[in-house]
Amino acid sequence: MQRQVLERWLSIAVMFGLGAMIIFKWQTNRLNLYIHPRYTSLLVATAIVLLLAALGMALTKAPAIPKRMLALLTIPVAFALLVPARPLGANLVSGKALNANSSDNLLARWKTNLSDDSKSWTLLEWTTAVRQSDLAVLRDKQAAFEGFVYRTPDLPADEVLVGRYVVTCCTADGTALSLRVKASNGADFANDQWVRVEGTFVPAEINGSIVPQIAGTLVSIEMPSSPYLYP
Amino acid sequence: MAVVSVNVQSKTQRKWLLFFAPLIGILGLWLASGWLVPSNLAPLTNKLQGLVTTFQGIFIEALPFLSAGVIVSVLIGEFVKPQHLASFVPQNAFGASMFGSLLGLLFPVCECGAIPTSRRLLRKGAPAPMGIAFALAAPVVNPIVLISTSIAFGDVRWALARVGFTIVIALTIGLIIGAGIKREAILTPLSLTADDDHDHSHCDHDHGACDHTHDQPKGRLAGLIAHGSTEFFEMAQYLVIGSLLAATMQTFIPQSALLTLNDSSIGFFAPLVGIVVLMLVAVLLSVCSTVDAFLALSFLGLFHPGAVMAFLVFGPMIDIKSTLMLTSTFRRSAVVAMVVLAALFAIIAGLISYVVLV
């Protein structure tokens with residue numbers, strides 16, 4: 001009998017935990033690490049339903065949930081409690097960056113018109129510009145965009161890749177974009193550090209081919225409240 | 001004899017699983033938490049934290065749709081009587097299957113919601129072909145997906161073709177698997193349990209005998225909460241496993257590897273390769289059908305329209321989480337048949353679209 005009571009309260013705790021997890025992530029502005037902001041209100045409504053369900057389970061004599069289900073549903077709650085919330089970053093780029101060819105086509109769908117002021121361009125707009133126009137036309141345009149630092153093994157010490165994910169509905173479909181940046185202080189920044197790139201567009205010649213690149217400096221910043229870009 | 005030995009084997013397997021799964025889980029959780037993890041394991045911690053972010057993305061995004069499905073299912077359970085269902089559902093297999101594949105227009109649910117609803121209908125005595133066709137078609141054949149697909153592609157023909165193919169495929173599979181066969185052969189015991197007022201669904205089949213003392217919940221609301229919470233946990237457990245698998249694959253198999261496969265294919269089989277690759281991507285991503293049109297759009301241009309159509313048709317029917325959820329309602333052999341047939345028909349739909357749309 002004792003055990004049944006315990007299992008019943010555990011069931012209620014897990015249901016409550018799921019609802020509380022969403023409310024907590026929403027309140028601490030972390031829900032957008034996982035999903036497109038257009039689903040925020042839907043999720044808050046869901047969280048309220050789950051919390052009400054937990055309350056209902058507590059007030060009525062709802063039966064205990066079988067242990068295996070409870071154990072499995074504890075996983076997302078345990079993740080929320082124990083694993084530091086982190087946006088997609090340098091750690092997954094290798095899995096989530098599309099090859100050059102494909103991002104070409106992705107971009108063609110995502111963004112078409114760019115403003116004249118290149119200082120207002122995000123990384124998504126920069127990548128679009130690079131694909132759409134002649135690199136010579138972009139030369140010396142001013143850049144001021146944000147992203148996280150990551151590197152590939154072949155990069156010289158003063159060069160980094162500044163990347164950002166584009167998310168269409170949730171992190172499952174995140175696609176990494178990046179631009180090469182040559183900065184005198186490039187070596188000072190660890191992978192995943194968020195930076196603001198300030199510089200100009202200067203294509204570089206590497207191994208005989210012209211590669212888009214920004215030359216300038218990196219300024220360390222806090223992670224933006226919305227770490228992803230939305231097409 | 002064979003049956004007995006299989007049972008014995010699965011029992012030892014289960015014991016091992018019960019021992020090792022929590023152990024691996026705790027180890028993974030510790031590594032992901034980054035707490036006192038030695039620095040030479042830091043890259044693994046990084047990967048695992050990315051995995052958790054991807055998992056939470058899929059899981060959190062599916063939760064509203066799963067909850068909506070459970071609410072619809074519980075309301076059907078409460079307000080629809082088996083005799084109502086019998087009076088307007090055609091009893092012949094073709095009619096039932098057709099009815100099932102169109103019923104989604106009334107219940108706007110995605111795959112996470114369609115399966116609990118399907119099971120509830122089956123327990124109310126719905127014919128098996130109807131249950132199968134509904135589970136497969138409802139994620140696409142519903143107003144929300146029609147609208148989101150039209151908006152994403154800016155062309156209502158894409159939405160109509162998607163819905164058309166889905167109806168034909170679900171109808172056919174409903175007939176092939178469900179017609180002329182005993183319900184017992186394809187449905188799990190739980191979806192066979194007659195759904196009357198005294199509901200025992202919370203006596204889970206894995207839980208052994210239903211031994212807890214039955215404090216009959218007083219009042220309708222109490223009953224709704226008891227049924228709803230049990231069904232929520234039952235479906236959500238598959239969502240957790242499915243999201244974990246999908247997130248693991250996404251973390252360790254680069255998406256670009258699949259896409260490179262597509263780029264390198266040439267010649268006669270090129271359209272087929274594109275179709276199969278995007279179907280694999282659909283399974284891997286396990287994104288909800290109400291939102292996948294925006295994603296599919298981003299593949300257009302990179303893949304031929306036939307492959308994108310196959311993605312749009314196959315993804316909502318079969319992905320990691322929905323396949324697991326299907327096993328709650330249908331026997332394993334029936335689920336395997338559904339997966340194989342759906343894949344086959346989606347390829348055909350893709351090839352037809354390739355010829356018509358290119």
In the range A:34-93, which residues are basic (K, R), within 20 Å of A:S225 (Cα to Cα) and more than 7 Å from every other protein chain (Cβ to nearest Cβ)? A:R38
Candidate set from the range B:139-157 (those that are in a helix (DSSP H, G or I) and in contact (Cβ under 8 Å) with a residue 40 or more places away in the chain); member that is farthest from B:L344 (Cα to Cα): B:I151
Inspect the range A:26-35 for any residue being in contact with a strand residue (DSSP E or B) (Cβ under 7 Å, 6 or more places away or on another chain) and modelled with pLDDT of 85 or more and give the result as yes or no. yes
Under the condition of being at pLDDT below 85 and among the hydrophobic types (A, V, I, L, M, F, W, C), which residue from the range B:191-236 is surrounded by the most Cβ atoms within 10 Å (Cβ to Cβ)? B:M235
Can you spot a residue in the range A:1-15 that is modelled with pLDDT of 90 or more, within 23 Å of B:L244 (Cβ to Cβ), hydrophobic (A, V, I, L, M, F, W, C) and surrounded by fewer than 19 Cβ atoms within 10 Å (Cβ to Cβ)? yes
In the range A:157-180, which residues are touching an Asp or Glu at 6+ places or on another chain (Cβ under 7 Å) and more than 14 Å from chain B (Cβ to nearest Cβ)? A:R180
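To keep it simple, each residue is scored yes or no on (1) open to solvent by less than 10 Å² (accessible area, probe 1.4 Å); (2) within 12 Å of A:S220 (Cβ to Cβ); (3) hydrophobic (A, V, I, L, M, F, W, C).
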residue: A:Y150; (1), (2), (3): no, no, no
residue: A:D158; (1), (2), (3): no, no, no
residue: A:G163; (1), (2), (3): yes, no, no
residue: A:R180; (1), (2), (3): no, no, no
residue: A:N185; (1), (2), (3): no, yes, no
residue: A:F189; (1), (2), (3): no, yes, yes
residue: A:R196; (1), (2), (3): no, yes, no
residue: A:G199; (1), (2), (3): no, no, no
residue: A:P203; (1), (2), (3): no, no, no
For the range A:128-148, enumerate the residues that are open to solvent by less than 10 Å² (accessible area, probe 1.4 Å), over 14 Å from A:G216 (Cα atoms) and under 24 Å from the mean Cα position of the chain (by Cα). A:T128, A:A129, A:G147, A:F148
Looking at the range A:60-85 only, could you name the residues that are in contact (Cβ under 8 Å) with a residue 60 or more places away in the chain and touching a Ser or Thr at 6+ places or on another chain (Cβ under 7 Å)? A:A64, A:L70
Which residue, of B:L295, B:L312, B:L278, is farther than 18 Å from B:G242 by Cα, modelled with pLDDT of 90 or more and in a helix (DSSP H, G or I)? B:L312
Would you say B:G131 is in contact with a strand residue (DSSP E or B) (Cβ under 8 Å, 6 or more places away or on another chain) and buried (at least 23 other Cβ atoms within 10 Å of the Cβ)? yes
Has the range A:41-51 got any residue that is touching a residue at least 24 places away in the same chain (Cβ under 8 Å) and open to solvent by 70 Å² or more (accessible area, probe 1.4 Å)? yes
How about the range B:66-135: which helices (runs of 4 or more DSSP H) wholly inside it have at least 3 residues that are basic (K, R)? B:111-123
Matching residues in the range A:17-33 - criterion: being surrounded by fewer than 19 Cβ atoms within 10 Å (Cβ to Cβ) and more than 10 Å from chain B (Cβ to nearest Cβ): A:A20, A:I23, A:F24, A:W26, A:Q27, A:T28, A:N29
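Yes or no, residue by residue, for (1) in contact with a helix residue (DSSP H, G or I) (Cβ under 8 Å, 6 or more places away or on another chain); (2) more than 30 Å from B:L285 (Cβ to Cβ):
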| site | (1), (2) |
| --- | --- |
| A:D116 | no, yes |
| A:D140 | no, yes |
| A:A143 | yes, yes |
| A:Y150 | yes, no |
| A:D158 | yes, yes |
| A:V166 | yes, no |
| A:A176 | yes, no |
| A:G199 | no, yes |
I'm trying to understand the selection: among the residues of the range B:26-57, which are more than 9 Å from every other protein chain (Cβ to nearest Cβ) and not in a helix (DSSP H, G or I)? B:L36, B:V37, B:P38
Can you tell me how many residues in the range B:64-119 are within 17 Å of the chain's Cα centre (by Cα) and of a type in the set (F, W, Y)? 2
Is there a residue being in the same structural domain as A:M57 (by TED's automatic domain parsing), in contact (Cβ under 8 Å) with a residue 40 or more places away in the chain and in contact with a Ser or Thr (Cβ under 7 Å, 6 or more places away or on another chain) anywhere in the range A:16-26? no
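The values are calculated or read from the model by the stated rules, or taken from the named source; none is laboratory data. All of these numbers come straight from a predicted model, not from anything done at the bench. All Cβ positions, glycine included, derive from the backbone under ideal geometry; neighbour counts span all protein chains shown. Ligands, DNA and RNA are excluded from the accessible area calculation, which covers all protein heavy atoms including side chains. Shrake-Rupley method; radii C 1.70, N 1.55, O 1.52, S 1.80 Å.
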